[in-house]
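Chemist: Sending over a structure as structure tokens; questions will come in a sec.
What follows is calculated from the coordinates using simple rules that are stated; it is not laboratory data. Here the structure is a predicted model, which is why all the values come from computation and not from measurement. Note that each Cβ is placed from the backbone with ideal geometry, even for glycine, and that neighbours are counted across all protein chains shown.
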Amino acid sequence: MVYGFVVLAVIFLDQLSKYFAKMYLASVDTIPIIQNVFHLTYRQNTGAAFSILRDNVSLLIVMTGIVIIGMSIFLYRLIRSKEHWLLLLSLSFVIGGAIGNLIDRINLSYVVDYFDFRLINFAVFNVADSFIVVGAVLIGVYILFIDGKRDSI
């Protein structure tokens, strides 16, 4: 139940931030927060990460939907088996972020991106992308430092 609320919170934060991006950034294109380092820049991404599979929205919707369903079933089974909270939280972050971007693809045929780190010339991204990456990193932390070590303590 708690992890379902985490998924919903991620979706809410993502969609709210994208609403404000569309409302305030679309007309001005970019707002420098720290000149040449970090900007808020409105972009419409018709692809996946780093714009791969650009303009293949239908394929991305189907693929993302399948991954979300699979991960949700996996999360449900892990919750029932009382798996470690870090793994459950991590998967909730990834699922929530994936759903947030899927909502954009279904409703808009593109994903709204707006975080723009220019110092390292990184791809423009959004809150959903951030949760997906944080979730993936936390899964790595779980695998490296927790998984299999609980039984030996």
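Chemist: Report the label-to-label distance for Thr30 and Val134 in nanometres (one decimal), using points 7 Å from each Cα along the Cα→Cβ vector.
Modeler: Going by the 7 Å Cα→Cβ label model, 2.6 nm.
Chemist: Which Cα, out of Tyr110, Val133, Ile34, lies furthest along the positive dipole direction of the chain (beta carbon charges, K/R +1, D/E -1)?
Modeler: Farthest towards the positive pole: Val133.
Chemist: Just the Kirkwood number for the stretch 1-42, please: inverse of mean 1/r across all distinct Cα pairs, in Å, one decimal.
Modeler: Result for the stretch 1-42, one decimal place: 11.7 Å.
Chemist: What is the order of Lys22, Lys82, fewest Cβ neighbours within 10 Å to most?
Modeler: In order of increasing Cβ crowding within 10 Å: Lys82, Lys22.
Chemist: What does the C-alpha gyration tensor say about the overall shape of the stretch 75-153? Classify as rounded when a/c is under 1.5, otherwise prolate if a/b is larger than b/c, or oblate.
Modeler: Since a/c reaches 1.5 but b/c is at least a/b, the shape of the stretch 75-153 is classed as oblate.
Chemist: Which shape class applies to the stretch 27-94: rounded if a/c is under 1.5, otherwise prolate when a/b exceeds b/c and oblate if not, where a ≥ b ≥ c are the square roots of the Cα gyration tensor eigenvalues?
Modeler: oblate
Chemist: In nm, to one decimal, how far is the modelled label at Phe74 from the one at Lys22, with both set 7 Å along Cα→Cβ?
Modeler: So the label points at Phe74 and Lys22 sit 3.0 nm apart.
Chemist: On the first, second and third principal axes, largest extent first, how far apart are the outermost C-alpha atoms of the chain in Å?
Modeler: 55, 33, 26
Chemist: Using θ = phi - 60° and the Karplus curve 6.51 cos²θ - 1.76 cosθ + 1.60, what whole-Hz ³J(HN,Hα) does each residue of the stretch 7-14 get, with Gly and Pro shown as x?
Modeler: 4, 5, 5, 4, 4, 4, 4, 5
Chemist: In the neighborhood of Gln44, defined by Cβ-to-Cβ distances under 10 Å, what is the net charge if each Lys or Arg adds +1 and each Asp or Glu adds -1?
Modeler: 0
Chemist: I need His84, His39 ordered by Cβ neighbour count within 10 Å, fewest first.
Modeler: In increasing order of surrounding Cβ atoms, one gets His84, His39.
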